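The values are calculated or read from the model by the stated rules, or taken from the named source; none is laboratory data. Given the structure is predicted, the values throughout are model-derived calculations rather than measurements. When we count neighbours, we look across all protein chains shown, and the Cβ atoms used for this are built from the backbone with ideal geometry, even at glycine. Each accessible area value is taken on the protein alone, full model and side chains, heavy atoms only, with ligands, DNA and RNA left out. Shrake-Rupley method; radii C 1.70, N 1.55, O 1.52, S 1.80 Å.
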Amino acid sequence: MMRMAMRAPGLLVTLVAIGTGAAWVGPAWAADDVPRGETIAQQGNGQGAIACMSCHGAEGMGNAATGFPRLAGLPAGYLSKQLHDYREGSRQSPVMQPFAKALSEDDMRAVSAYYASLEGLDLPTAYQAADPADEAEWLAKRGDWGNVIPACNQCHGPNGQGVGEAFPPLAGQHASYLKAQLNAWRNGSRANDPNDLMKSVAERLSDEQIGLISDYYATLPERLSTASIADKKEGAQ
Ligand code: HEC
Ligand code: HEC
């Protein structure tokens, strides 16, 4: 990440500007947000938003088979932005839009703070060269510049574990969900990304690359088993 940051300072300055709120001014959090959010997650808000856990799971880990995303440990600012985007329609989902419309500003803030407070992933951040024979790993770490596709980790952070409030983690997210999102940018049903950053990436990916990269990030925590983390630390720069 640091090496890439030095190679593309202009891009990163733009991204940092987005991350610090040029495109999205996050809400002011309140002290009782987490407990209030937990109640909404478990029981709904009594105003039309049903219990989030009925789909996103008791621990917020989602469901791979149905494509319900993991919310646990995602940044609060990102989650809150998504709920606003569903409400306003720049992100379309027949399932989530009615719930987002039923949540008040306070509810959105509380439930986002609650899911952000749950344990997320803690992957190693040491840089390790990509294996050219592994197409998915190469795309994640080096991109596919022949098709003008930057490395995913350049924005999503080392091992795709997310950066700040604007760039969500991809590692450990369900493959079915990741695939659906990349296709949503291609078909226009998700059009909520600042400066079309993700649309331009998704449009250039082939169907095969979408399949490979989604499976890669979904299985990344297992690939980085304790043993391979030790190896990588030894070889790290
Ligand atoms: C009936 C099932 C269901 C329920 C109940 C539900 N969700 Fe979802 N949620 C989904 C699905 C399906 C998606 C993916 C939609 C898409 O493709 O954009 C999703 C996506 C999301 C996302 C976007 C995640 C990301 O990584 O961008 C957020 C945030 C979210 N839900 C929050 C909530 C909250 C908060 C509640 C409770 C108030 C809730 N959901 C209740 C099914 C559900
Ligand atoms: C130039 C920066 C940038 C690059 C490069 C980039 N992304 Fe993203 N990505 C973003 C931003 C910003 C978002 C969040 C958009 C929003 O606000 O909803 C995002 C969101 C996503 C999401 C949705 C996650 C969720 O929880 O819903 C997926 C999936 C994704 N990116 C996959 C990729 C893949 C795969 C690559 C590499 C092929 C990639 N991204 C490269 C900036 C980038």
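Below is a table of values for the structure above.
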{"quantity": "Sparsely packed GluC sites (Glu not before Pro) within region 53-120, loop by DSSP, other Cβ within 10 Å at most 15", "calculated": "E59, E119"}
{"quantity": "Under 15 Å from the Cα of K199 - aspartates and glutamates, other chains or at least 8 residues apart", "calculated": "D207"}
{"quantity": "Convex hull per residue volume in Å³, alpha carbons only, for region 33-117", "calculated": "80"}
{"quantity": "Accessible area of E137 in the full protein assembly, 1.4 Å probe (Å², nearest 10)", "calculated": "20"}
{"quantity": "Vicinal HN-Hα couplings computed from phi for region 87-103 (Karplus, 6.51 cos²θ - 1.76 cosθ + 1.60; Hz; Gly/Pro x)", "calculated": "4, 8, x, 6, 10, 9, 7, x, 7, 7, 4, x, 5, 4, 5, 8, 8"}
{"quantity": "Accessible surface, region 33-117, averaged per residue in Å² (probe 1.4 Å)", "calculated": "43"}
{"quantity": "Other-chain or far-sequence residues with amide H under 5 Å of R190's (modelled H)", "calculated": "Q92, W185"}
{"quantity": "Fully extended contour minus Cα-Cα distance, from S90 to T39, at 0.36 nm per residue", "calculated": "15.6 nm"}
{"quantity": "Area accessible to solvent at T125, 1.4 Å probe radius, in Å²", "calculated": "90"}
{"quantity": "Percent carbon-and-sulfur accessible area, region 13-168, ignoring ligands, DNA and RNA, probe 1.4 Å", "calculated": "57"}
{"quantity": "Spacing of the two label points (7 Å from each Cα toward its C-beta) at A102 and D131, in nm", "calculated": "4.6"}
{"quantity": "Solvent accessible area, Å² - D106, 1.4 Å probe, full protein context", "calculated": "80"}
{"quantity": "Protein-only accessible surface order, largest first, of R204, R190 at 1.4 Å", "calculated": "R204, R190"}
{"quantity": "Where L118, L212, L182 fall by accessible area, highest first, once all protein chains stay in place (1.4 Å)", "calculated": "L212, L118, L182"}
